[in-house]
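For reference, the structure is listed below as structure tokens.
Every read-out reported here was derived from the displayed coordinates using simple, explicitly stated rules and does not represent laboratory data. Keep in mind it's a predicted model, so treat the numbers as computed, not measured. Because the Cβ atoms are built from the backbone with ideal geometry, glycine has one as well, and the counts that use them run over all protein chains shown.
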Amino acid sequence: MNKIQRQYLANLASKNVRIDKRKTEDFRKIEIEKNPIENAEGSARVRLGKTDVLVGVKMGIGEPFSDRPNEGVLMTGAEFSPLAHPDFEKGPPREDAIELARVVDRGIRESGAIDMKKLCIKKDEKVWMVFVDIQIINHDGNMIDAAALAAITALCNTKLPVYNKKTDMIEYGKKSATKLPVSYKPVAVTFAKIGDTFLVDPNIEEEDVMGARLTVTTKDNGNICALQKGGSEAFSIDEIKTMLDVSIKKGKEIRKMI
Amino acid sequence: MASLTKSLKCSKEAKMKRPNNRKPTEFRPLTVVAGVVPNADGSAMVKLGKTTAIASVYGPRSVYPKWKRKADRAIVNCTYSMVPFSTDERCRPGPSRRSTEISKVIGDALLPSIFVEEYPKTMIDIYIVVIQAHSGTRTVGINAASVALADAGISMRDIVSSVAAGKIDNTYVLDLEGKEEDASKCDIPIAYMPRKKKITLLQMDGDLSAKDVIEIINLARKGCEQIHEKQKEALIKRWGI
């Protein structure tokens, strides 16, 4: 981005105006498509303006971690496919993709969204594994919020596949009536700091000029379950307080859409 | 036309039942949408039955790494991948031997349709992501990629259409699906430029006489011609006045 554009955006931000005429606390239009992929145990596609994220949940059976012998396993991965943006390159996930996956993972894990103890088949030996895979279809800023929203929506719509105890095999294709035990819906809200202004749901231009970024994940009861700061600038404690309040309010609005 | 009537006749004898009561010469319900990835120079989504692929095209753009560039033409890079949740059992993300091969044959299937000599010292990147897999991912990928290339405004000789065909019992069958793949004596995916009447991709696994192979290819060509119409419709819908 060139200097003039950069200054223009910074100027706008200082007047609390945004390039797409949104208010500072406004999200772009959120569209949620539930279970677009039949082959996945659960899936969701979330469009946040032009940002487009597809999340699928697959279930498998594996060994539990030795420190949690009676709990299921959650794994979250993200792929920034070169399909989605001219600057994305192929190859294994880079640090930004890993960061995104870990922020989404933390929101789900720390909020206790999935009742992991219910995913135990046989203690110490067999548990359900939950694979959450995030695929970016189009990147136009704020992939974290879109991915987190798609992930929790997909999990809420996940049905376990049929597990045949005799053959010890999963019969994929047949879905049981059992839903994945999801008890909370964590929602991520990301702020971009440009100058002294904080913008909710930054688009790609705003992300380019922002000095810092904070993602706040909130739970149904208003608790905070994950935080992630990014960027070179810093926040004051008052700024953080404001962002937490806004994210709780925004989280409530968005949670209704899941 | 001879092959079409022939295969119809065969089907009456065999009276085999296909998923969704399809006729042997019928492919699954097809949806083609152009322009689904706003960031890309050209893009398309193709859905054939359950199988769904998104393709996006970036370029012609400058070549990286630089030593790869050709003074007289564009280079075309094609990458095919499947998302982990596209299959019944989760497939590992990242390139595999299978996806590497398919990337190559798809690139080779599209290359004859592109006027690469019009874009010297550049590269054209094609990315195909299969978001749901249920037989025929490579052919669906080719259909999407070719529409995406046209959507990007790249000079082309023709739009490439692609479909697979095989033979079950004594019937020639278009667009094998699921269990039919195991029942079929062979699986022949082709890519075809209907206007040029040229075949740009041909693969086969199976055990069959030469006569049968020709019949199957002809059946697939007929299928490609119908798919070609759908691809044109999608482009007209996006760009037509």
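Computed quantities for the displayed model
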item	result
B:Lys167 being surrounded by 24 or more Cβ atoms within 10 Å (Cβ to Cβ) and over 15 Å from the mean Cα position of the chain (by Cα)	yes
Subset of region B:100-126 (residues that are among the polar types (S, T, N, Q) and assigned to a helix (DSSP H, G or I))	B:Thr100, B:Ser103, B:Ser113
Members of region A:76-126 that are acidic (Asp, Glu) and either without any contact (Cβ under 8 Å) to a residue 60 or more places away in the chain or assigned to a loop (DSSP other than H, G, I, E, B) (or both)	A:Glu79, A:Asp87, A:Glu89, A:Glu95, A:Asp96, A:Asp105, A:Asp115, A:Asp124, A:Glu125
Residue ID - surrounded by the fewest Cβ atoms within 10 Å (Cβ to Cβ), chosen from residues in region B:102-146 that are at positive phi and of a type in the set (Gly, Ala, Ser)	B:Ser135
Residue satisfying all of: in region B:67-90; buried (at least 20 other Cβ atoms within 10 Å of the Cβ) and among the polar types (S, T, N, Q); farthest from A:Leu83 (Cα to Cα) among these	B:Ser86
Among residues of region A:40-58, those that are crowded, with 23+ Cβ neighbours inside 10 Å and at the interface with another protein chain (Cβ under 10 Å from one of its Cβ atoms), counted	12
B:Leu149 being part of a helix (DSSP H, G or I), of a type in the set (A, V, I, L, M), surrounded by fewer than 24 Cβ atoms within 10 Å (Cβ to Cβ) and within 15 Å of the chain's Cα centre (by Cα)	no
Subset of region A:77-100 that is away from chain B (no Cβ under 11 Å) and not basic (Lys, Arg) - its residue that is surrounded by the most Cβ atoms within 10 Å (Cβ to Cβ)	A:Leu100
Those residues of region B:17-76 which are away from chain A (no Cβ under 14 Å), more than 17 Å from the chain's Cα centre (by Cα) and in a strand (DSSP E or B), in sequence order	B:Ile75
Test: B:Val129 is outside any strand (DSSP E or B), over 12 Å from the mean Cα position of the chain (by Cα), aliphatic (A, V, I, L, M) and facing chain A (nearest Cβ under 8 Å)	no
Count of residues meeting criterion [of a type outside the set (A, V, I, L, M), over 30 Å from A:Asn35 (Cβ atoms) and more than 14 Å from chain A (Cβ to nearest Cβ)] in region B:85-106	3
Qualifying positions in region B:187-218 - under 15 Å from B:Thr139 (Cα atoms), outside any loop (DSSP other than H, G, I, E, B) and either under 13 Å from the mean Cα position of the chain (by Cα) or touching a residue at least 24 places away in the same chain (Cβ under 8 Å) (or both)	B:Ile188, B:Pro189, B:Ile190, B:Ala191, B:Tyr192, B:Met193, B:Ile199, B:Thr200, B:Leu201, B:Leu202, B:Ile217
